[in-house]
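Heads up: the structure comes next, in structure tokens.
Quick note: the coordinates plus some simple rules give every number you see, no bench work behind them. Keep in mind that what you see is a predicted model, and the values were worked out from it rather than measured. Using ideal geometry, Cβ is built from the backbone for each residue, glycine included, and neighbour counts are taken over all protein chains shown.
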Amino acid sequence: MVDLSVDISGLKLKNPIMPASGTFSEDLAEVFDLDRLGAHVTKTITRGWRDGNPTPRVCEVNGSMLNSIGIPSKGVGAFIEKVVPFYAHYETPLVVSISGNTADEFATLCSEVSVPGVAAIEVNISCPNIEEDGKAFAIRPSSTHDVMRKLRAATDLPLWAKLTPNTGETSEVARAAEEGGADALVVANTILSMAIDINTRRPKLGNLMGGLSGPSLKPIALRMAYQCARATKIPVIGCGGISTVEDVIEYLIAGASAVQVGTATFIHPTIMLSLIDGLEDWLSNQGLSSVKDLIGSVIDGEQDESVVFMEAAP
Amino acid sequence: MDDVPSIKAFELPLSVKSNEPVNGEYRLLVLAAPHDILKRCRAGQFFHLLCPQAGGETPYLRRPMSIYGFYPEKGELHFLYKVTGAGTRALATLSLGDRLNVLGPLGEPFTIADDWQDLVLVARGVGLATLAPLALEANRLGRRLTAICSARHPDYLMSTDYFESLGADVITLTDAEGTSDLDNLEKVIEGLIAAGRADAFYTCGSNRMLRLLQTIGERHGIPGQIALEQQMACGIGMCHCCVRPFTRGNRQVHLRVCREGPVFDMMEAIAW
Ligand SMILES: Cc1cc2nc3c(=O)[nH]c(=O)nc-3n(C[C@H](O)[C@H](O)[C@H](O)COP(=O)(O)OP(=O)(O)OC[C@H]3O[C@@H](n4cnc5c(N)ncnc54)[C@H](O)[C@@H]3O)c2cc1C
Ligand SMILES: Cc1cc2nc3c(=O)[nH]c(=O)nc-3n(C[C@H](O)[C@H](O)[C@H](O)COP(=O)(O)O)c2cc1C
Ligand code: FES
């Protein structure tokens, strides 16, 4: 038996596969048993009610997708009343994703969702920060640090900071989140992108711009996961473009302790189950007894002649 | 609080029995499907199809298609589709024995209230695909049915024989014959109402027909249901990309076409 369990700063997960925020909901329970997953991660919620962006909200681009869903939200009250009790049916830990327009609003929401039944809070700091002229908190180390400190003071639950690829300062932002009190980093959210219909000359999304997700995002998010794992001591949860077992393994080798699967669930709703089974098979075929042996095993220092390029020899 | 939800939709590969053109615009895809999936299907529901890669095109997201027919006794699931873009072009390349990954059945079906004895179906083009299984259900329940089928040209009228075989009165209207305009449609429907043949309306797709049916429905207090379309990504309620606005009471709400629909109360739908 291969041990698939991982530890995210004290939170024990039975396997390292979980959904990405916004690409998962209670509805998936009608397709498979949600207790197979390592964790449940909800769509980002806000304090008040929000409608989300105009339609069309998604389009596809070369084997990936763009979305501008926005964050439609029924508000924190409805969430605690309806959604939290639903997940109480399962043993799998519940991770609640939250977002706020200002650091104070964010912190208030953080304490409001710190209720029994919630195992960790994922903070989506990739959304526009009203006080910073609409720039996402996680674009800059300073705003990341400030908001994380306020969030840290607002809850005793584990805090996962979800970073954005729309920054040029990945390692600095990661360190700022760690210093601000994050217990883990989720790397990463979508990349700001655009697509235009050449016949109508109109942007394909109602909101004009949106986030790129799916296979095209993977090399970028993987690079970020690697950078964040090297820059900090807290666990990294890889996210971006995962659709095969090989993708999962790559993230783990790069230093991620677990992964989130997003868009791939839209293509194959049961994909997370195949990834769990596939990971177990792969580890067992490799003679590894624990997934932990794989985490951060990337060989990125001096070349070790004994392992590298053996297969390439003629 | 309910118990843990039961499994209702399935992701699985089905093999193609046939995939033939019906006329210049539409094709009929017949898949071999297991009995326990077919017995869950209801009129108005849809499947989310993972279109193959074909001719250098790589449709990425799934494509929603209404169930055109489901026959547990024959083990068949039917889709009637119009080739419009990359996904449906790829569907058109499927042939006998090929496999197609489907997800479903999904969405809320049509309902037929106990006191709706005389049903009126109003459909145009590929909308017939969505309404056809409703005719079967109406027939099973012993309701009287009038199907008003509209198309650009008489050659593009589909399913009229099918509706007739289920005992429906079929009225055809075409652009080519100059009978499909809204004024004429209104006259036809008012005629049915006068004859006591309209307890409820069923329609899908067209904005103009929705407005007309809402007006007539309001005038005579006749209820109805509409199957709506919206672009989809997940098809099961997770992504919120398929929302449309509806009127509930005096409020406007956004509902997911894949989850709260695709069948909605005709009076609540907002024309676009
Ligand atoms: C519930 C439902 C049932 C449907 N039933 C049928 C049916 O029985 N027969 C049929 O021919 N068509 C049906 N459609 C429409 C069908 O899904 C689209 O024609 C198809 O997705 C177009 O894909 P494409 O790749 O060929 O075209 P493209 O133009 O390349 O499609 C690009 C994108 O737009 C989406 N899209 C385009 N048009 C529509 C549309 N009208 N509705 C929803 N999404 C769209 C596609 O899913 C895709 O993501 C239905 C749509 C819905 C929502
Ligand atoms: C339709 C859609 C909605 C999303 N909504 C959210 C959200 O509410 N909060 C969030 O933090 N990320 C959201 N994301 C981003 C995903 O969680 C994930 O970071 C991203 O899609 C990259 O992973 P993937 O390539 O596996 O999809 C959304 C993504 C998609 C496609
Ligand atoms: S298509 Fe995802 S919620 Fe409807």
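Can you tell me the alpha carbon radius of gyration of chain A divided by the globular rule-of-thumb value 2.2 N^0.38 Å? Please list the in-between numbers first.
Details: Rg = 19.1 Å, N = 314, 2.2 N^0.38 = 19.6 Å.
Its radius of gyration relative to the 2.2 N^0.38 Å reference: 0.98.
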For the range B:1-151, average projected area of the Cα convex hull in nm²: 10.8
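What is the calculated FRET efficiency for B:ASP36 to A:LYS233, with r their C-beta to C-beta distance and R₀ = 56 Å, to the nearest 0.05? Kindly include the intermediate steps, with their values, before the conclusion.
On the way: r = 51 Å, r/R0 = 0.91.
Efficiency for this residue pair is about 0.65.
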On Cα atoms only, tilt of A:218-231 relative to the major axis of chain A in degrees: 80
Using alpha-carbon coordinates, inclination of helix A:141-154 to the longest axis of chain A, degrees: 80
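Please arrange A:LEU252, B:LEU210 by how many other C-beta atoms lie within 10 Å of their C-beta, fewest to most.
On the way: A:LEU252 26, B:LEU210 22.
Final ranking by Cβ density, sparse to dense: B:LEU210, A:LEU252.
With runs of 4+ DSSP H residues as the only contributors, calculate the mean residue ellipticity of chain A at 222 nm using -39,500 (n - 2.57) per run, divided by the residue total and rounded to the nearest 500. Numbers along the way, then the final one.
Numbers: 8 runs with 82 residues, N = 314.
For chain A, the value works out to -7500 deg cm²/dmol.
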Exercise: per-residue mean of other protein chain Cβ atoms within 10 Å, A:58-67: 4
Relative contact order (percent, whole number), the range A:147-259, Cα cutoff 8 Å, 6+ residue spacing: 25
Inter-label distance, nm, simple model (7 Å from Cα along the C-beta direction), B:THR172/B:ILE270: 3.9
Within 10 Å of each Cβ in B:241-253, the average number of Cβ atoms from other chains: 2
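Based only on the alpha carbon positions, what is the Kirkwood hydrodynamic radius of chain B, in angstrom?
Values: mean 1/r = 0.0520 Å⁻¹.
Hydrodynamic radius (Kirkwood, Cα pairs) of chain B is 19.2 Å.
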Semi-axis lengths, Å, the range B:149-208, gyration tensor of Cα atoms, sqrt of 5 times eigenvalues: 18, 16, 11
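Note down the relative contact order for chain A as a percent, whole number, built from C-alpha pairs under 8 angstrom at least six residues apart.
On the way: 703 pairs, mean separation 60.4, N = 314.
The normalised contact order for chain A reaches 19 percent.
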Convex hull per residue volume in Å³, alpha carbons only, for the range A:3-101: 149
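Can you give the FRET efficiency to the nearest 0.05 for B:GLN117 and B:LYS8, using r as the Cβ-Cβ distance and R₀ = 35 Å? Could the numbers behind the result be given before it?
Values: r = 30 Å, r/R0 = 0.87.
Plugging the Cβ-Cβ distance into 1/(1 + (r/R0)^6) gives 0.70.
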Degrees, to the nearest 10: A:245-254 long Cα axis against longest axis of chain A: 90
Exposed GluC sites (Glu not before Pro) absent - longest run of chain A, DSSP non-H/G/I/E/B, at most 13 other C-beta within 10 Å: A:92-301
Estimated Rh, the range B:70-113: Kirkwood, alpha-carbon pairs, angstrom: 13.2
Amide proton proximity set for B:GLY205, modelled H, under 5 Å, gap of 5+: B:ALA227, B:GLU229
In nm, spacing of pseudo-spin labels at A:VAL298 and A:THR200 (7 Å Cα→C-beta vector): 4.1
For the range B:203-269, alpha-carbon Rg and Dmax in angstrom: 12.4, 39
P(r), alpha carbons of the range B:88-179 - 5 Å bins starting at zero, rounded %: 3, 12, 20, 17, 16, 15, 12, 5, 1
Cβ-based exposure ranking for B:PHE70, A:PHE32, A:PHE137, in which fewest neighbours within 10 Å come first: A:PHE32, B:PHE70, A:PHE137
Compactness index (Cα Rg / 2.2 N^0.38 Å), the protein assembly as shown: 1.06
Projected label distance in nm at A:ASP277 and A:SER289, using a 7 Å step from Cα toward the beta-carbon: 2.6
Amide H within-cut-off set for B:VAL243, under 5 Å, with H built and near neighbours excluded: B:VAL257
Loop-exposed trypsin sites (Lys or Arg not before Pro) per DSSP, neighbour cap 16 Cβ within 10 angstrom, longest uninterrupted part of chain A: A:234-314
FRET efficiency, 1/(1 + (r/R0)^6) with R0 25 Å, evaluated for A:LYS82 and B:GLN252 via beta carbons: 0.70
Greater than 24 Å apart at Cα, pairs in A:LYS82/A:LYS218; B:LYS17/B:LYS39; A:LYS12/A:LYS162; A:LYS14/A:LYS162; A:LYS74/A:LYS218: A:LYS82/A:LYS218; A:LYS74/A:LYS218
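How would A:TRP160, A:TRP49 line up from fewest to most surrounding beta-carbon atoms within 10 angstrom? Can you show the working numbers first?
Values: A:TRP160 27, A:TRP49 12.
By the 10 Å Cβ count, ascending: A:TRP49, A:TRP160.
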